[in-house]
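The block underneath contains the structure these notes are about, expressed in structure tokens.
We did not get these values from a lab; they are worked out from the coordinates using the rules stated. Quantities reported herein were computed from a predicted structural model and do not represent experimental measurements. Here the Cβ is made from the backbone with ideal geometry for all residues, glycine too, and neighbour counts use every protein chain on show.
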Amino acid sequence: MVGASDGGTRPATAARIYDYYLGGTHNFPADREAAEAMMRVLPLGPQLARTNRAFLGRAVRYLAESGVRQFLDIGSGIPTVGNVHEIVQRVAPDARVVYVDIDPVAVAESLDLLKDNRLATAITGDLREPAAILTHPQVTELLDFDEPIGLLLAAVLHFVPDDDVAYRAVDQLRAALAPGSHLVASHATTDDVRHDQGDLDVAHDIYQHRTETPLGLRSRSRFERFFTGLDLVEPGLVWLPLWRPAPDDPQYFTDDPRRSAGLAAVGRVPRR
Ligand SMILES: C[S@@+](CC[C@H](N)C(=O)[O-])C[C@H]1O[C@@H](n2cnc3c(N)ncnc32)[C@H](O)[C@@H]1O
């Protein structure tokens, strides 16, 4: 585990809080304190993280099995169990992946893991500045925008709370995609919430005050707007555990999927 001597003064980040939830070791004291503070009000945090991670795994396996060979994963996080390149390159060894994250620790750890993988790389980038991502030399070198791409925005859009900024960014990214591309996204939601509002407010405050990425939950209809004009892949926009569940998934929230507090969907870019 990363200790105080190599990060004791760093503020917490969403990437490293998530890493802690997933049982990873790339987190600093401030991340662990923020995660523990949140778990005091929302003890299901680690289960939510694992449920989201499992959805991402199922979605990218589905895309790879459907023939998608290129992936742009924005808000990719710190490498952990079930990394996108591992899943898709198991299905198609020629699949290419570019990871993008705002957190330099996430990017450094990804690059370290990928040093022997010439078909995958990681860059620092901000979802709110899509043009810089789309024109980044490593993106244009590895990905061919004339061919289908899997655009992955898993558990990241709720760190872009401003609707105008978020919709504009996703529109710009989508405009660059060829027909047959897919948007994969998951999102923490305010809808049908099974958690106490006061507890959610505490979680909001922690991201607001201890990290540089404030949290902004969206309703189902506001999440759905990211998919306008796309063909939703079955079963459509659903609670995280309900998107094509697999037997080897963590079996959390199966009795009441709404308690996952997360929505997920995969949309396909139709022919023009
Ligand atoms: C909860 S993690 C999700 C990781 C991974 N996508 C997954 O679903 O397993 C959210 C990630 O989004 C990143 N992030 C937050 N805001 C971002 C932004 N504006 N641009 C790029 N990455 C961002 C965080 O650093 C973090 O690594």
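Quick notes on this structure:
- Among the trypsin sites (Lys or Arg not before Pro) in segment 119-226, those placed in a DSSP loop whose Cβ has at most 12 other Cβ atoms within 10 Å are Arg194.
- As a length-normalised measure over Cα pairs under 8 Å and 6 or more apart, the relative contact order of the chain settles at 20 percent.
- Taking the Cα centre of the chain as origin and assigning +1 to Lys and Arg Cβ atoms and -1 to Asp and Glu Cβ atoms, the resulting dipole is close to 500 debye.
- Antiparallel content of DSSP bridges confined to segment 4-268, in %, to 5: 35 percent
- Taking the C-alpha atoms of the chain, convex hull volume expressed per residue in Å³: 121 Å³
- Cα centroid separation - segment 195-272 against segment 77-133, whole Å: 22 Å
- Taking the helices alone, the chain has a mean residue ellipticity at 222 nm of -11000 deg cm²/dmol, built from -39,500 (n - 2.57) per DSSP H run of at least 4 residues and averaged over all its residues.
- Proportion of all alpha-carbon pairs of segment 113-272 beyond 19 Å (%): 61 percent
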